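The values are calculated or read from the model by the stated rules, or taken from the named source; none is laboratory data. Computed from a prediction, not measured in an experiment: that's the story for all the values here. Cβ: placed from backbone, ideal geometry, glycine included. Neighbour counts: every protein chain shown. Surface areas here come from the heavy atoms of the whole protein model, side chains and all, with no ligands, DNA or RNA. Shrake-Rupley method; radii C 1.70, N 1.55, O 1.52, S 1.80 Å.
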Amino acid sequence: MRRLLIGLAVGAFLAATTACGSSESPGSSGASGSGKESGGGTTTVKVGVIPIVDVAPLYLGQEKGFYSKRGLKLELTLAQGGAAIVPGVVSGQFQFGFSNMTSLMIAQTNNMPVKAVANGAASTGVEGEDFGALTVKKGSAIKTAKDLEGKKVALNTLKNINETAVRESVRKAGGDPDKVKFVELAFDQMPAALDKGQIDAAMVVEPALATIKGQGGSEIASSLVDVAKGLTVAMYFTSTQYTQQNPELVKKFQEATAESLAYASEHPDEVREIVTTYTKIPAATLEKVTLPTWPAEPNRASIEALAALGEKDGLFKSTPDLDKLLP
């Protein structure tokens with residue numbers, strides 16, 4: 001079990017996982033709480049999030065009063081990655097958390113009682129205009145994902161959502177993904193490693209994608225799009241026990257989050273502004289960043305496609321039960 005928890009903690013800094021990295025150290029924002037009454041009929045709940053663009057809707061929703069009008073106050077606690085949040089939610093350290101879908105499916109097939117309750121972030125679904133991409137340096141002879149056979153490709157985490165996505169891009173280009181040499185590297189280290197020729201390609205997300213393009217690099221595949229159109233990359237989740245014991249509170253969180261997602265979708269400038277309050281991503285970089293999308297509902301067909309590919313890649317101990325995992 002200890003090895004499992006360590007593996008999950010190292011797991012998908014996504015986003016996939018979801019997805020725009022930050023150098024911000026873990027910390028917390030808001031008043032302390034444990035999912036209990038905190039005065040005035042307000043319940044404070046702890047939510048484990050990642051300091052990336054994807055979770056901006058929660059910060060906006062808190063600011064705009066979407067949660068408070070439903071009697072909720074969020075204590076948003078920053079963590080290094082979605083997979084690291086899973087044990088915290090299961091143990092009760094957090095009432096809710098944010099994680100990419102592959103990490104949630106891995107957790108479920110490892111018998112961890114997780115339950116997705118609200119949509120998180122999704123791919124734009126547009127080739128060449130997504131927040132994640134498979135990239136090469138300026139002047140590279142690699143033109144398609146098929147050309148990656150025998151080449152060194154960087155991923156933020158092995159055996160997770162981004163490896164699944166790159167493998168599918170290689171397959172779709174007519175190549176053999178088993179011939180690709182995958183190496184693990186942090187997103188923020190990928191632009192320099194690519195520029196120096198230490199790796200041949202990198203599967204990056206924003207803001208590393210904007211950095212590589214600024215260096216003259218180019219995109220050879222929109223790998224999240226290759227998995228499925230409008231891929232649901234990440235969701236908010238809780239433990240199955242918490243869902244059973246607090247159905248009304250979970251419903252309020254779902255409603256407030258749906259309103260927050262809709263607001264974020266309609267106000268991209270406010271998204272970029274609020275991201276500067278909880279990350280160290282420079283405002284100038286944020287202006288060039290491609291934002292994810294925030295649909296009200298998860299795209300089940302896309303999650304089924306991701307699950308099928310993950311199973312083909314050997315990521316799961318058993319077939320994920322999406323009926324139990326999804327709301």
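So here's what we get for this one:
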read-out: The one condition in (1) in a helix (DSSP H, G or I); (2) within 18 Å of the chain's Cα centre (by Cα) that residue 236 fails to fulfil; value: (1)
read-out: Checklist (1) free of Cβ contacts under 8 Å to residues at least 60 places away in the same chain; (2) more than 27 Å from residue 231 (Cβ to Cβ); (3) surrounded by fewer than 20 Cβ atoms within 10 Å (Cβ to Cβ) applied to residue 77, failing item; value: (2)
read-out: Residues (outside any loop (DSSP other than H, G, I, E, B) and touching a residue at least 60 places away in the same chain (Cβ under 8 Å)) located in segment 149-165; value: 161, 162, 163, 164, 165
read-out: Tally, over segment 193-228, of residues that are in a strand (DSSP E or B) and acidic (Asp, Glu); value: 1
read-out: Condition met for residue 182 (in a helix (DSSP H, G or I) and either under 20 Å from the mean Cα position of the chain (by Cα) or not assigned by the TED database to the domain that holds residue 288 (or both)); value: no
read-out: Which numbered condition residue 133 misses (of (1) in a strand (DSSP E or B); (2) under 30 Å from residue 252 (Cβ atoms); (3) out of contact with any Gly (no Cβ under 6 Å at 6 or more places or on another chain)); value: (2)
read-out: Spans of helices (runs of 4 or more DSSP H) in segment 251-324 with at least 3 residues open to solvent by 50 Å² or more (accessible area, probe 1.4 Å); value: 268-275, 300-312
read-out: Verdict on residue 190 being farther than 30 Å from residue 257 by Cα and either open to solvent by less than 10 Å² (accessible area, probe 1.4 Å) or in a helix (DSSP H, G or I) (or both); value: yes
read-out: The one condition in (1) open to solvent by 60 Å² or more (accessible area, probe 1.4 Å); (2) closer than 30 Å to residue 294 by Cβ that residue 138 fails to fulfil; value: (2)
read-out: Number of positions in segment 212-232 that are open to solvent by 20 Å² or more (accessible area, probe 1.4 Å) and under 19 Å from the mean Cα position of the chain (by Cα); value: 3
read-out: Residue selected from segment 263-309 under the condition of a type outside the set (D, E, K, R) and free of Cβ contacts under 8 Å to residues at least 24 places away in the same chain, by the criterion farthest from residue 212 (Cα to Cα); value: 308
read-out: Contacts under 9 angstrom Cβ, first residue in segment 233-259 being touching a residue at least 24 places away in the same chain (Cβ under 8 Å), partner open to solvent by 50 Å² or more (accessible area, probe 1.4 Å) and among the hydroxyl-bearing types (Ser, Thr, Tyr), 6 or more apart; value: 239/91; 256/68
read-out: Some residue of segment 177-184 being in contact with a strand residue (DSSP E or B) (Cβ under 8 Å, 6 or more places away or on another chain), modelled with pLDDT of 95 or more and not hydrophobic (A, V, I, L, M, F, W, C); value: yes
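Condition check ((1) under 23 Å from residue 122 (Cβ atoms); (2) open to solvent by less than 40 Å² (accessible area, probe 1.4 Å); (3) assigned by the TED database to the domain that holds residue 50) across all residues:
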{"site": "158", "(1), (2), (3)": "no, no, no"}
{"site": "163", "(1), (2), (3)": "yes, yes, no"}
{"site": "166", "(1), (2), (3)": "yes, yes, no"}
{"site": "196", "(1), (2), (3)": "no, no, no"}
{"site": "201", "(1), (2), (3)": "no, yes, no"}
{"site": "206", "(1), (2), (3)": "yes, yes, no"}
